[in-house]
1. Mind checking which of V97, V28, V79 has the largest fluctuation in a GNM of the chain, springs on alpha carbons under 10 Å?
2. Relative to the compact globular guide of 2.2 N^0.38 Å, what is the alpha carbon radius of gyration of the chain, as a ratio?
3. Taking just the C-alpha trace of the stretch 2-52, give me its Rg and Dmax in Å.
4. With +1 assigned to the C-beta of every Lys and Arg and -1 to the C-beta of every Asp and Glu, and no other charges, what is the dipole magnitude of the stretch 5-102 about the Cα centre in debye, to the nearest 20?
5. Using Cα pairs under 8 angstrom and six or more residues apart, how large is the relative contact order of the stretch 5-102, in percent?
6. Taking the chain as a Gaussian network, where each spring joins two C-alpha atoms under 10 Å apart, which residue of G54, G75, G67 fluctuates the most?
7. Have a look at V33, V99, V83 and tell me which one the Gaussian network model of the chain (Cα, springs below 10 Å) gives the largest fluctuation.
Amino acid sequence: MAEWIPIARADECPPGTILERVVADRVVALANVAGVFHAIDGLCPHQGGPLGAGRLCGTTLTCPWHGWQFDVVTGRHGVSPMVRQPVHEVRERGSVVEVRFCDQTGGAS
Ligand code: FES
């Protein structure tokens, strides 16, 4: 079972915002949607844009480079069903947000 890894303090990512972190050599975009945290791989599959520096509107994340859009809950691309960005489990432990990379253990991502 993959381990839970601290990614941020909860107050660093208020509702409606997103931030970029490097955790265990992976770039992760951590989003807060109405008080619920979601983690999605932070490198855009188009040309590697920084999704954690993108714009969050509801669950829709827009890449800052060319505007590709992803749902931070499912990882689905806004237009093409062929494109899906990995998403990761998130939990809050007190004031700390933790992430777990399920795709490294064969679990759902
Ligand atoms: S790098 Fe993200 S849309 Fe082009």
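Each reported figure results from applying straightforward, stated rules to the coordinates on display, with no laboratory input. What you are looking at is a predicted structure, and each value in this text was computed from that prediction instead of being measured. Don't worry about glycine lacking a Cβ; one is built from the backbone with ideal geometry, like all the others, and counts go over all protein chains shown.
1. Looking only at V97, V28, V79, the largest GNM fluctuation is found for V79.
2. Dividing the Cα Rg of the chain by 2.2 N^0.38 Å gives 0.97.
3. Considering the stretch 2-52 through its Cα atoms, Rg and Dmax are 11.0, 30 Å.
4. About 120 debye.
5. 26
6. In this elastic network of the chain, the residue with the biggest mean-square fluctuation among G54, G75, G67 is G67.
7. Answer for the Gaussian network model of the chain: V83.
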